[in-house]
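The values are calculated or read from the model by the stated rules, or taken from the named source; none is laboratory data. Not measured: the values here are computed from a predicted model. No Cβ is skipped: glycine too gets one built from the backbone with ideal geometry, and neighbour counts run over all protein chains shown.
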Amino acid sequence: MAISKRNIRIYNRNEVITFSKTNEAFGELSNMSSSFPLFVNDIIVPSSEALYQAMRYSLFPKAQNEIIRQASPMTAKMISKKYNPYSRQDWELIKLKVMRWVMEIKLSQHWNKLAPILEETGNKAIVELSYKDQFWGAKNIGNNQLEGKNALGRLWMDLREKHVLTNNKIECVAPLAIAGFRLYDHDIDTICDEDHFLNNEEEGQLFAVV
């Protein structure tokens, strides 16, 4: 599918942080990393890719279940493709919002691992290096140049600026204000990290003692 030239970026590979394979530098930023399970609505979702793909079918619990059952993020993506006819009609309009929501959950629930990685990138542009996807990433066009919208990399840069570099940890992520935004036929709850619950428990015990 041809990609619109709107918001296409050109990057000098020598001046940016790139990520691609999960076993290489900054691979933790990839949705294909299986090292960052997410906890949503009391359900363990194996990867950010699985959660993103599942929300594409937020009115079809059967599709969500098959996607979330996959331990491999790539398999979850492949399984998702067979359900394409059942995609939300507004998916192209909301997919960036959904991806950011997924990434906020990932950063919130794995702050101690991901925040230092993002901090290590400094103020450099973060680019997902791709061989073909110029929407979420950017591809090599020769002369050390990368071209693409790099939506995933730009979302990481925004989260880095707003939360990591300011040490403004994400404790809770609110559900998106999108009609029918559901998981397994249940509305999405506000999603908080483990420390949030532990801190609230400690506060509750303190008030009980007082």
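General observations
- When the stretch 27-43 is filtered for residues that are surrounded by 15 or more Cβ atoms within 10 Å (Cβ to Cβ) and not hydrophobic (A, V, I, L, M, F, W, C), the ones remaining, listed by number, are Gly27, Glu28, Ser30, Asn31, Ser33, Ser34, Pro37.
- Of residues in the stretch 71-105 being more than 23 Å from Ala177 (Cβ to Cβ) and either small (Gly, Ala, Ser) or under 17 Å from the mean Cα position of the chain (by Cα) (or both), the one modelled with the lowest pLDDT: Ala71
- Here the stretch 13-42 is the region considered, the condition is being hydroxyl-bearing (Ser, Thr, Tyr) and in contact with a strand residue (DSSP E or B) (Cβ under 7 Å, 6 or more places away or on another chain), and the residue that is nearest to Ser130 (Cα to Cα) is Ser20.
- With respect to the stated conditions, Glu49 fails to be out of contact with any Ser or Thr (no Cβ under 8 Å at 6 or more places or on another chain), among the acidic types (Asp, Glu) and assigned to a loop (DSSP other than H, G, I, E, B).
- Applying the condition of being under 16 Å from the mean Cα position of the chain (by Cα) and of a type in the set (Gly, Ala, Ser) to the stretch 109-149 and asking which residue is nearest to Ile43 (Cα to Cα) yields Ala115.
- Scanning the stretch 7-26 for residues that are in contact with a helix residue (DSSP H, G or I) (Cβ under 6 Å, 6 or more places away or on another chain) and buried (at least 20 other Cβ atoms within 10 Å of the Cβ) gives a single hit, Phe19.
- Of all residue pairs spaced 6 or more apart or on separate chains, those with beta-carbon atoms under 6 Å, a first member in the stretch 161-184 that is closer than 16 Å to Trp91 by Cβ and a second member that is part of a helix (DSSP H, G or I) and at pLDDT 95 or above are Leu176/Lys97; Leu176/Trp101; Ile178/Ile94.
Listed here are the residues, each with its yes/no results for (1) out of contact with any Phe, Trp or Tyr (no Cβ under 9 Å at 6 or more places or on another chain); (2) within 27 Å of Asn144 (Cα to Cα); (3) buried (at least 19 other Cβ atoms within 10 Å of the Cβ); (4) without any contact (Cβ under 8 Å) to a residue 40 or more places away in the chain.
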{"residue": "Glu92", "(1), (2), (3), (4)": "yes, no, no, yes"}
{"residue": "Val102", "(1), (2), (3), (4)": "no, no, yes, no"}
{"residue": "Lys106", "(1), (2), (3), (4)": "no, no, yes, no"}
{"residue": "Leu114", "(1), (2), (3), (4)": "no, no, yes, no"}
{"residue": "Lys124", "(1), (2), (3), (4)": "yes, yes, no, no"}
{"residue": "Tyr131", "(1), (2), (3), (4)": "yes, yes, no, yes"}
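- Residue check, Ser108 farther than 27 Å from Cys192 by Cβ and modelled with pLDDT of 95 or more: no
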